[in-house]
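Asks: What follows is a structure written as structure tokens; I'll ask about it next.
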Amino acid sequence: MATEVARDNASFMLQAKSLGFPVSNTSTRSFFMAQVMLRIFAAVLTLTAICVMATSSQSIILLGFTFKAHYSYSSAMRFLLVTDAIVCAFSILSMIFVYHLSRSGSNLKNFFYLFLHDMVITVLAMSGCAAATAVGYVSRYGEEKMGWMAICNRVGKFCNQMRIAMVLSYLAFFSYFALALMSSNKVMYQASK
């Protein structure tokens, strides 16, 4: 009977480890280290996307007229720039909260706030990426039924820079998606304690 209970406890610990639940001090440290690294990754990615986007412009001369392509001419691209700035700022601010959380010990309410923060930032990043992707698609391929023509064949450098900025923004979104999954996992574990 005692060996059966010990075997059940050991299998539970192995299952908990395989599900990603922290079961020791080392895995708690790993959780906080992964949190900090992903937040740094998101901050650097969004800051780089902002720099690429803000410096992207291209001028062309067509029939004697000069046309300039710049991110600020599109409301969707301005929205992406603002969402990237918010994600970057809150990534840096949330690192302070994660550091405080790692020092103060485990409190379910604090982990829930962290989860809520990660979800809000994830949704915000997703909305900025989706808006920019829609405009980018129309810019690249046009929309014949609406009479909108593609412009990327004329301002290719600008479109390529905007594509790089969007890819960086999507990578930041996936970082926050991973953070949201980790935070929800931690809240579930803390709630079951």
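The values are calculated or read from the model by the stated rules, or taken from the named source; none is laboratory data. This is a predicted model, so every value here is computed, not measured. In this analysis, Cβ positions are derived from the backbone assuming ideal geometry, glycine residues included, and neighbour counts consider all displayed protein chains. Protein only, heavy atoms only, side chains kept; ligands, DNA and RNA dropped before computing areas. Shrake-Rupley method; radii C 1.70, N 1.55, O 1.52, S 1.80 Å.
Asks: Out of ALA134, ALA130, I need the residue that is among the aliphatic types (A, V, I, L, M) and either open to solvent by less than 50 Å² (accessible area, probe 1.4 Å) or touching a residue at least 40 places away in the same chain (Cβ under 8 Å) (or both). Which one?
Replies: ALA134
Asks: If you don't mind, there's one more thing I want to ask. Tell me, please, whether a residue that is in contact with a helix residue (DSSP H, G or I) (Cβ under 8 Å, 6 or more places away or on another chain), closer than 17 Å to LEU38 by Cα and modelled with pLDDT under 90 can be found in the range 127-142.
Replies: no
Asks: Follow-up. Could you please let me know if ASN160 is without any contact (Cβ under 8 Å) to a residue 40 or more places away in the chain, in a helix (DSSP H, G or I) and under 20 Å from ALA49 (Cα atoms)?
Replies: Answer is yes for this residue.
Asks: Out of the residues in the range 96-123 meeting the condition of being under 25 Å from MET166 (Cβ atoms) and either in contact (Cβ under 8 Å) with a residue 12 or more places away in the chain or of a type in the set (Ser, Thr, Tyr) (or both), tell me which one is surrounded by the fewest Cβ atoms within 10 Å (Cβ to Cβ).
Replies: Result: MET119.
Asks: If VAL87 satisfies every condition in (1) touching a Leu at 6+ places or on another chain (Cβ under 9 Å); (2) over 28 Å from SER30 (Cβ atoms); (3) open to solvent by less than 40 Å² (accessible area, probe 1.4 Å) but one, which is the exception?
Replies: Failing condition for VAL87: (2).
Asks: So, ALA172, is that one surrounded by fewer than 18 Cβ atoms within 10 Å (Cβ to Cβ) and touching a Ser or Thr at 6+ places or on another chain (Cβ under 8 Å) or not?
Replies: no
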